[in-house]
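Read-outs throughout are calculated quantities, based only on the coordinates presented, and are distinct from any laboratory measurement. Since the model is a prediction, treat every value here as computed from it, not as a measurement. A quick note on method: Cβ atoms are made from the backbone with ideal geometry, for glycine too, and the neighbour counts reach across all protein chains shown.
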Amino acid sequence: MTSNTPRRTRRIATTSTIALTTAGFMALGLGAASAHVSVAPASTTEDGYSQLTFSVPNESETADTNKLEVQLPTEQPFTSVRVKPVEGWTAEVVTGELPEPVTTADGATLTEAPLSVVWTADAGAEISQQEYQTFAISVGRLPEAGSTVLLPATQSYTDGEVVEWDDEATGDGEEPDKPAPSFVTTAAEEGADGHGASHAAGGATETAEASESMDSTESIEAEQAATSSDTGSTSAVGWAGLVAGLLGLAAGVVALARTRRKA
């Protein structure tokens, strides 16, 4: 009886640990399911370009997400929109007429611009329960610093349910029920521009090319030095052989002379 008590105690403790761990995972799962469609900009610098990554969790307990549509700004429209491919999903950039003509910073007048991006899942690629997917686009140029870029999203499910993520924050600190993905642009750093990354990449390329050129020059010099060293060594060996040959010849002549004297 006494010997079984520690085993029972260990079993009870193990069972309790498993139960608590399972409950923790369930809580995490519920937390993930209650998440919203959100956007994470790689950059928020005014007049620059940025990659916008949308995170889309599946919130239905019975259906899968099979479509996402994101509305793009029309008051300060993007003049460039590119889509990053997602395996199993088809993307379309919808371009159309703006509600009102817009004059850009360089004085051009826009009457058409990209209005939305639509992702549609192929059969078998839908976002299932307890899953999420990310969708990314590259856009530019961003509006002036302090502008709120609102990107309302529509999430569709396989059972016909449609969820509109289009509530704008009121400014009272409380999050809306269905908040629209959004971010605020920031001022550019002094000396920076929208293509700063390109300049940095160019500088890195030039540095790499210079380094490669230096390595190549050093390699050639090393080869030349090695060749000179080998030539010198070969010459030294040749002279040593010649001297040895002459000494051998002299020794032979002396031996022949001694033999003739004895005879």
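Using the Karplus curve 6.51 cos²θ - 1.76 cosθ + 1.60 with θ = phi - 60°, what ³J(HN,Hα) values do you get for each residue of the stretch 107-115, in whole Hz, with x for Gly and Pro?
Those phi angles translate into x, 6, 9, 9, 10, 10, 6, x, 9 Hz.
Among rounded, prolate and oblate, which fits the stretch 111-177 when a ≥ b ≥ c are the square roots of the eigenvalues of its C-alpha gyration tensor, a/c under 1.5 means rounded, and a/b larger than b/c means prolate? Walk me through the numbers on the way to the answer.
Details: a/c = 2.26, a/b = 1.38, b/c = 1.64.
Oblate, because a/c is 1.5 or more while a/b does not exceed b/c.
Step through the residues of the stretch 87-93 one at a time and calculate ³J(HN,Hα) from phi using the Karplus curve (6.51 cos²θ - 1.76 cosθ + 1.60, θ = phi - 60°), rounding each to whole Hz and writing x for Gly and Pro.
Here the 3J(HN,Hα) series is 4, x, 10, 9, 10, 9, 9 Hz.
So for each of 155-163, 92-100 I average, over its residues, the number of other beta carbons within 10 Å; can you give me the resulting order with the highest mean first? It would help to have the intermediate numbers written out before the result.
Details: 155-163: 14.6, 92-100: 11.6.
Listed from highest to lowest mean packing, they are 155-163, 92-100.
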